[in-house]
Each structure stands twice: as C-alpha cells, then as structure tokens.
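Scroll down for the structure; my scribbles are underneath it.
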Amino acid sequence: MGRSYHTIDSTSPPPPESPSVEDRRAAIAELGEALRTLVEQAAASESPADELRRAAALVREATIPVGKQQRTRGQIPSADDLLGGVRMHNPVCGDGSAIAPPLRVEVVEGKAVGTCTLGLVYEGPPMYAHGGISALLLDQILGYATSVAGHPGMTVRLDTQYRAPVPLRTPLRLAAEVVGVDGRKVTARATITTESEPDAVLVEATGLFVALRSDQSERLFGEALHPDASNPAAAHD
Ligand SMILES: CCCCCCCCCCCC(=O)SCCNC(=O)CCNC(=O)[C@H](O)C(C)(C)COP(=O)(O)OP(=O)(O)OC[C@H]1O[C@@H](n2cnc3c(N)ncnc32)[C@H](O)[C@@H]1OP(=O)(O)O
C-alpha cells in the first residue's frame, strides 16, 4: 500500500490532511489492493467449482460493511481532493479502484510518464491486453499531460494505433506530452512500450481535449462541482 495517490504534480508536497482523511485513504487503498488481488486471482483461477462458490459467498459477505454508507452519483468521494488531484477511485490510477492496474504517473522533463503492469484480468487476445484497456490507459495519461501543462479538458477525440500487442504481466511504460494548443482545444500524443524496450512502440494515440466553458462545466457536473449552481445536473441515485 503506497501513498502514490493520483496527484497533479508528484514533485510538490501534498497539503496537510486531517488524520481521519489520511486514515480513510489508507483504508480505501488497503481495500483496493485486496480487491485487485481478488479480481486478478479470479481471472487466473483454475480452482474447482465448490471453491469458487465458497469464494462467492465470502465476497457477498464482505460487501455488507462496504455498502453501509454509500455516496450518490452527484457526490464527490469524501476522501478525494479534486484540486489536489487525489482521486481514490479513478479506474486507471486510483489506489482504491478494483479495476485500476493502477497506473503510476509522474512528470519527467515535461512529459507525463506512467508505469504499470497489466494482469490477466485485462486479457483480450490470449496473453495480451484488450485493446480497450490500452485506450483507457492512453486517455488517462493524455489527460494527465494536458492537466499538468495547464490545459485540463475533456477528451473529444482519441485516435489510437495498435502496432503490436501489449503483453500481460510485463512492466509497461507510458509517456505523453502536449503537442498543440489552439484556444480551448489541446492536442497531446502518447505511447505505450514495455519498460525493457522503450523504443519499440506498441500502441500510440493522439488525443484532442477541449477545455470546458463555465456553462458547460455547470451543465455537466451540476452540484457535484458547483454546489451553488441553479441548474443541478447531477442525478441522485
Ligand atoms: C493531473 C490531474 C489529473 C487529471 C487527469 C485526468 C485524466 C482524465 C482523463 C480522462 C478524460 C476523459 O475520459 S473525459 C470523458 C470522455 N469525454 C467526454 O465525455 C466528452 C464528451 N463531449 C462533450 O461533452 C462535449 O464535446 C464538450 C462539452 C467537451 C465540448 O462541447 P462541444 O459543444 O462539443 O464543443 P464546443 O465547446 O462548442 O467546441 C470547442 C471546440 O472543440 C471542437 N470540437 C469539439 N468536439 C470535437 C471533436 N470530437 N473533434 C474535433 N473537434 C471538436 C469544436 O469544433 C470547437 O472548435 P472551434 O470551433 O473552437 O475551432
């Protein structure tokens, strides 16, 4: 369990947090790690049916304490710090996410550089990553690159070229950088390689991001980000 939360700039120290927030984050990360182990071992499991049914019953039981207090769609997780870049449940980087590899990202010489290893749970073709997972990783690191460059926005276009399959259970390296800014439109490029062969590009992508106008932000994110907005768009579930 590390403190490598999804931060905007890993070189600047995080602001001090209350002990209770830190403790919840640590607990969320601990649960996330346990969940990731579970889903990876489930994807790789060759255990007999009775063992799998026993596991299913245990998991159903484990769901009870986790489900006791739930947030709605319109509520930001209390352990998150959006401005500080802490997103505990981000499905790519979040320490609390069962489905995040998780990708670790830092800024190196102006580029966003990410590392992760994909388990069998991400399998598409036998032994290799599902193409959608590669796109997921690339979208995230492209978004990170645009944010740390001072141009955060939403993806409106993601062009992905798959040059070679991405091997599972192999350390990977991602890199992304902004290559153009045109008003609210920002273009960034990113690659996936293995760590051992950083010059052999497996997948590359160009992303177009658009910075939101304030009215777009209020319409899309409603009371989640704008508690005083008169047009709350966030649905409650
Ligand atoms: C470090 C911290 C961590 C931060 C790290 C965070 C990483 C997160 C990474 C994940 C990012 C995501 O997944 S984001 C989620 C996936 N993306 C989405 O759901 C976005 C869905 N799209 C939309 O809601 C909308 O397109 C908006 C609100 C983004 C934009 O509204 P719009 O009406 O389409 O565009 P508008 O504002 O009028 O136009 C702005 C300009 O962009 C152009 N434009 C708009 N769409 C396109 C397009 N598909 N292809 C080309 N150009 C386009 C317009 O022509 C216009 O150009 P011109 O006329 O000015 O020349």
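Quote the relative contact order of the chain in percent (integer), defining contacts as alpha-carbon pairs under 8 Å separated by 6+ residues.
That works out to 18 percent.
Only helices at least 18 Å long along their own axis, judged from Cα atoms, and with Kyte-Doolittle mean hydropathy of 0.0 or greater: name those in the chain from DSSP H.
49-66, 131-148
Under a GNM of the chain (C-alpha, springs under 10 Å), which listed residue has the highest mean-square fluctuation: G96, G180, G114?
Largest GNM mean-square fluctuation: G180.
Mind sorting S45, S214 by how few other Cβ atoms lie within 10 Å of their own Cβ, fewest first?
In order of increasing Cβ crowding within 10 Å: S214, S45.
Return Y128, Y144 ranked ascending by Cβ neighbour count within 10 Å, so the fewest neighbours appear first.
Y128, Y144
Compute the semi-axes of the equivalent ellipsoid of the chain, taking the square root of 5 times each eigenvalue of the Cα gyration tensor, and list them largest first in whole Å.
29, 27, 17
Taking springs between alpha-carbon atoms closer than 10 angstrom, which of G67, G143, G94 fluctuates most in the Gaussian network model of the chain?
G67
Among K185, K111, which comes first, second and so on when ranked by fewest other beta-carbon atoms within 10 Å?
Ordered from fewest to most neighbouring Cβ atoms within 10 Å, K185, K111 come out as K185, K111.
Hey, in the GNM for the chain with a 10 angstrom Cα cutoff, which one of R189, R104, R213 fluctuates hardest?
Largest GNM mean-square fluctuation: R213.
Counting each pair of different Cα atoms once, what's the Kirkwood radius of the range 104-216 in Å, rounded to one decimal?
It works out to 14.2 Å.
As an exercise, use a Förster radius of 25 Å and the Cβ-Cβ distance of L158 and I76 to find the FRET efficiency, rounded to the nearest 0.05.
Efficiency at R0 = 25 Å is approximately 0.50.
Bear in mind these aren't lab numbers, they're just calculated from the coordinates by the rules spelled out. Nothing here was measured: the structure is a model prediction, and the numbers come from that model. Heads up, the Cβs are rebuilt from the backbone with ideal geometry, glycines too, and the neighbour counts pull from every protein chain shown.
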